[in-house]
C-alpha cells in the first residue's frame, strides 16, 4: 500500500512539474532571436461548460457546470502548427445522484456460527463537489491558415483551428458533500435458504440515512483537453477564436476519500461517512464553449518580421 502511495505521489509531481517547465522554457524563448523569424500571439480567453462526473460501470445521474478564464501564449513552430501554453483560473460544481447501490458481502458468521451473506442497499446516494482551480495548459495547436500574417494580408476572414493536450489543474479550494437517504441490510443463509432483515441489534434491517461534508487540502487533477472551432479575423492583428471544447479528468482527485461499499455495511461505520467507491473509475468531464481574443504582432520596432513560410 505504501509503495502504491509513493508511486501516486511521483506521478502527481510529474504531472505538476512538466507543464510548468515547458511554460518557463517557452516563455524564455519568447525573448530569443527565434521570435524574430516566427509569428506568435497572446490571448485572453474564457469559457463555460456542462460538467459532470462519469462513474464507469454504474447507473448514476451527474450534472453541473464549470467556468474558466485565462491568459495564453501561442508560438508557431511550423506554418500550420504551434505550441500553446497558458495560465487559467476556474471553478466547477458537480452533483451526482444514484437511486440505489447494491452490494453483497460474504464470509459472515452469526453468534451461532452459521454462515450468511450480507446484502446491503444504499438508497438515495448523493454527492456534490466544488473546486476552484489554477490550471497550466500545454497544447498542440493546428490551424488551416498558413499563419496569422498570411490570413491578415489575404483578408481571409475565417479559418479553422484545433487544439489538444494536457492541462494540470491545481485544486486550491476543494470541498464535497455526500449523503444517503437510507441503508438496508439483509442476511441470507444459504444453509437454510432463508433471509433475516429485522434484527437491527445485529446490523440487519432499515437504518436512517447520514450526510457529511468536508473541505479538502491541495489536490492536483490532470485533464486531457480537446478544442476546435473557427478563427475569425476581426481587426488589425486581432483574431477571435470561437470553439467547442471537451475536458476529461485522467483520475479521481478524491479517490483517497472514498470507502468501499462493504465498509458501511457495518452500520457503526456510518458515523464516519465520507464518499462511496461504487464505480471502477471516476472521471471529471466538461463539454462547453470557449472564446479567445488574440493579438499577434506582425512586425515590431526591434526588427521582428512575418513568418517567411
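For segment 246-293, the square roots a ≥ b ≥ c of the C-alpha gyration tensor eigenvalues yield an a/c of 1.5 or more together with a/b exceeding b/c, which makes the shape prolate. Stretched out straight at 0.36 nm per residue, the stretch from residue 191 to residue 109 would grow longer than its current Cα-Cα span by 28.3 nm. Panel order for 241, 123, by other beta carbons found within 10 Å of each beta carbon, from fewest to most: 123, 241.
In vacuo Debye scattering of segment 41-105, one point per C-alpha: log10 I(q)/I(0) at q = 0.19, 0.21, 0.25 Å⁻¹? Debye curve over Cα of segment 41-105, log10 I(q)/I(0) at q = 0.19, 0.21, 0.25 Å⁻¹: -0.81, -0.88, -1.01.
Take the Cα pairs of segment 186-309, get the Kirkwood Rh, then feed it into Stokes-Einstein at 25 °C and 0.890 mPa s and tell me D in µm²/s. For these conditions, the coefficient is 118 µm²/s. Stretching the chain fully between residue 102 and residue 238 yields a gain of 43.3 nm (0.36 nm per residue, less the alpha carbon separation). Model label points for residue 172 and residue 140, set 7 angstrom from Cα along the Cα-to-Cβ axis, are 3.1 nm apart.
Every number here is computed from the coordinates shown, using simple stated rules; none is lab data. Every value quoted in this text rests on a predicted model; they were computed, and no experiment measured them. Glycine also receives a Cβ, built like all others from the backbone with ideal geometry; neighbour counts cover every protein chain displayed.
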